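The values are calculated or read from the model by the stated rules, or taken from the named source; none is laboratory data. If you're wondering where the values come from, they're calculated on a predicted model, not measured in any experiment. Neighbour counts are summed over all protein chains in view; Cβ atoms, including those assigned to glycine, are modelled from backbone coordinates with ideal geometry. Accessible surface is based on the protein model in full, side chains and every heavy atom, while ligands, DNA and RNA are left aside. Shrake-Rupley method; radii C 1.70, N 1.55, O 1.52, S 1.80 Å.
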Amino acid sequence: MSVEMKGGINIAMKVPSHEYEAVLAFYRDVVGLPPFDEKLPAKGFILGPNRLWIDEMPHLSQAEVWLELFTDDHVAALSHLVANGAVRCDAVEDLGEAFRGGWVMNSANIVHLVREPDAW
């Protein structure tokens with residue numbers, strides 16, 4: 001493979017509104033993970049070397065987990081993934097025109113954000 005990708009630090013849990021507060025309480029009160037809120041209204045927890053973002057999604061009926069991949073060349077990486085069976089799904093969340101990355105789903109419909117490390 002000519003395109004290098006590696007795991008990112010962000011894991012997003014997209015949670016329906018009717019479960020949102022209970023999920024926050026689980027990670028805060030039961031598991032005891034340190035919270036962070038520097039990008040309000042987003043809330044999350046420090047999960048070892050990763051950031052676990054808990055996003056309220058009113059239109060979902062069940063929770064989903066989304067993963068992140070880093071690459072130095074998002075265009076080449078996204079092209080490589082699509083050529084090998086991943087499906088582009090940029091409509092899941094708008095990243096803006098200038099963002100250097102995009103969304104794909106793997107064969108099990110798990111959403112992945114593929115981005116350059118300084119894409120934000």
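Shape of segment 5-115 from its Cα gyration tensor (a ≥ b ≥ c, root eigenvalues): rounded if a/c is under 1.5, otherwise prolate when a/b > b/c, or oblate?
Numbers: a/c = 2.11, a/b = 1.70, b/c = 1.24.
Prolate is the answer for segment 5-115, as a/c is 1.5 or above and a/b outweighs b/c.
Have a look at R100, R28, R88 and tell me which one the Gaussian network model of the chain (Cα, springs below 10 Å) gives the largest fluctuation.
Between R100, R28, R88, it is R28 that shows the largest mean-square fluctuation.
Ignoring ligands and nucleic acids, what accessible area does V104 show with a 1.4 Å probe (Å², nearest 10)?
10 Å²
Sorting S17, S61 by accessible area (1.4 Å probe), largest first, what list results?
S61, S17
Show H59, H80 ordered by accessible area, largest first, where the area counts protein heavy atoms only and the probe is 1.4 Å. Walk me through the numbers on the way to the answer.
Details: H59 145, H80 55 Å².
The residues order as H59, H80, largest area first.
Please calculate how many Å² of accessible area segment 5-115 carries per residue, with a 1.4 Å probe and no DNA, RNA or ligand atoms counted.
Working: 6390 Å² over 111 residues.
That works out to 58 Å² for each residue.
Give the relative contact order (percent, whole number) for the chain; include only Cα pairs under 8 Å separated by 6+ residues. Walk me through the numbers before you get to the answer.
Numbers: 220 pairs, mean separation 33.4, N = 120.
For the chain, the relative contact order is 28 percent.
Given the protein chains as shown and a 1.4 Å probe, how many square angstrom of D94 are accessible, to the nearest 10?
Probe radius 1.4 Å; accessible area of D94 about 140 Å².
Of the accessible area of the chain, with the probe set at 1.4 angstrom, what percent is carbon plus sulfur?
Reported share for carbon and sulfur atoms: 56 percent.
Are there GluC sites (Glu not before Pro) in segment 37-81 that DSSP puts in a loop and that have at most 10 other Cβ atoms within 10 Å, and which ones?
E38
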